[in-house]
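The values are calculated or read from the model by the stated rules, or taken from the named source; none is laboratory data. The model shown is predicted, which means the values in this text are computed figures rather than measured ones. Here the Cβ positions follow ideal geometry from the backbone for every residue, glycine too, while neighbour counts run over all protein chains shown. In case anyone asks, the SASA skips ligands and DNA or RNA and just uses the protein heavy atoms, side chains included. Shrake-Rupley method; radii C 1.70, N 1.55, O 1.52, S 1.80 Å.
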Amino acid sequence: MEFEFTQEQKLFREAVREFAKEKIAPFEAEWDRKGEFPRSLFKELAQVGLAGIRIPEKYGGQGADAVTTGVAIEELSRFDFNVANFVIINNILTANVIVEYGSEKLKEMILPGVANGDIVLGIALTEPHCGSDAAAIRTRAVLDGDEWVISGEKSSISMVKYANYFVLYAKTKPEERHRGISAFLVPTNSKNIKFSYFDDVGYRPISRGALKLDEVRVPKEFLIGNLNEGFYYVMKTFDFSKTLLALSCLGAAEQSLEETIEYVKHRYAFDRPIAKFEGIQFKIAEHLTHLEACKLLCYKTLWMKDRGQSIAAQAAMCKWWAPKLAFEIIHDCILMHGNVAYSKDLPHERRMRNVMGIEIGDGTAEIQKIVIGREILGKEYVPYK
Ligand SMILES: Cc1cc2nc3c(=O)[nH]c(=O)nc-3n(C[C@H](O)[C@H](O)[C@H](O)COP(=O)(O)OP(=O)(O)OC[C@H]3O[C@@H](n4cnc5c(N)ncnc54)[C@H](O)[C@@H]3O)c2cc1C
């Protein structure tokens, strides 16, 4: 058993930290307030290899392994949770589907642009009537000559302000549930797509919104992978993204906890630093214990992924636990700061709002526990058909 990161991973962590401190941290509050990233950020991320961290080197990316990607996400998230989440959406939830299942033509068309920051991708799965039950989507794709014609509505879709393309899931066999879904690449400048934008609690610069597609036409070659296999692709992708999302929550909580540890050493009450009170020390000790355990679970899951092992159960464990834990830790950090942290002047309230989104996005805790039950007890115990 080996619990050390490699020398390269340690150096990489330092490099990401330096970059994030200089180029991201000074703007984090402003981007949250405006609900928008500057487009130049994507180019800056590309220059340091983060925009295409998981894209194979052949297409201009870094081809990083899963553990190294986790290191980048944890570190970025300490300085801006949303930038870390941009990297997850752009690399794992979307580009990865093209890497794993797309044709050579689609790979050449999309991946170099993602790696160099020119192309931004989003994933469009959820619909107004269904989220947890993703197999119930109603958006339809019908082949008409050399084009797919897509109609339907997508809701709760991240990156709506920036995406050049969506990896969109639609029914190609409506009488089937998960066996009737295919994945498509849909350019956002296609005719007949209308966008609307949400005013969110957290996750603000990522930008969430809805898409209305009314007979949107895309070339036949924009089908990703095989017909009717899209549901399998998205679920496989989620196993990886869920683990990274978990680490993004832990990175934010870790940063809040470290800042709080410094604060309690210098804040006095009853003639002594509040760090001397057991009521403070015990909270910190418990949070550090849980944080350490949850991080180990996340990195073990990524390590398993790098060895080609199935991570369905472990990824679901990371995903239900980490956002909940991060929310609780950051909440307590605010309380340990007293009145000063009940303000937008400190980053803790933003971090708390942000991690709460991941208690829902990519599947709620209840859905993760169903996945764990299925993996451990067997498919015959799944509580639905
Ligand atoms: C910040 C954020 C970003 C997102 N980004 C994207 C995106 O980019 N693309 C995209 O396609 N989607 C995105 N989503 C949507 C997200 O994936 C869904 O919100 C999620 O899958 C839950 O679906 P729902 O919101 O419709 O909740 P519902 O499915 O309506 O669930 C409501 C409640 O019922 C519970 N529930 C449902 N079924 C069961 C069950 N069988 N047993 C017990 N409890 C159950 C749920 O746990 C939840 O508490 C995003 C969501 C958020 C919050």
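Some values worked out for this structure:
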read-out: Alpha-carbon centroid distance for the pair region 236-257 / region 77-129, whole angstrom; value: 17
read-out: Taking region 192-309 and dividing mean pair separation by its residue count, relative contact order in percent (alpha carbons under 8 Å, at least six apart); value: 18
read-out: Test item: Cα-centred dipole of region 7-119, Lys/Arg +1 and Asp/Glu -1 on Cβ, debye; value: 100
read-out: Accessible surface of region 1-137, 1.4 Å probe, proportion on carbon and sulfur as whole %; value: 51
read-out: Volume of the Cα convex hull of the chain, divided per residue and given in Å³; value: 143
read-out: Cα long-axis angle, helix 104-115 against the chain (0 to 90 degrees, to the nearest 10); value: 30
read-out: The chain - percent relative contact order, Cα under 8 Å, separation 6 or more; value: 16
read-out: Rel. contact order, % - alpha carbon contacts under 8 angstrom, at least six apart, region 7-119; value: 32
read-out: Beta bridges by DSSP in the chain, antiparallel share as percent, to the nearest 5; value: 85
read-out: Residue order for 195, 3, 231 - accessible surface, 1.4 angstrom probe, largest first; value: 3, 195, 231
read-out: Ordering of 201-207, 309-315 by burial proxy (mean other Cβ atoms within 10 Å per residue, highest first); value: 201-207, 309-315
read-out: C-alpha long axis of helix 66-79 to longest principal axis of the chain, angle in °; value: 60
read-out: Net dipole in debye of the chain [+1 Lys, Arg Cβ; -1 Asp, Glu Cβ; about Cα centre; nearest 20]; value: 580
read-out: Cα-derived Rg to Rh of region 231-381, Kirkwood definition; value: 1.07
read-out: Intensity falloff of region 7-119 expressed as log10 I(q)/I(0), Debye formula with alpha-carbon point scatterers, at q = 0.13, 0.14, 0.19 Å⁻¹; value: -0.46, -0.53, -0.94
read-out: Set 242/305; 154/191; 236/300; 21/324; 161/194 screened for pairs whose C-alpha atoms are more than 20 Å apart; value: 21/324
read-out: Rounded tilt (10° steps) of 365-377 against the dominant C-alpha axis of the chain; value: 80
read-out: Gained length - residue 277 relative to residue 335, 0.36 nm times residue gap less alpha-carbon distance; value: 19.5 nm
read-out: Region 231-381 - charge dipole about Cα centre, Lys and Arg +1 at Cβ, Asp and Glu -1, debye rounded to 20; value: 280
read-out: Calculated on alpha-carbon atoms, Rg and Dmax of region 215-295 in Å; value: 23.2, 73
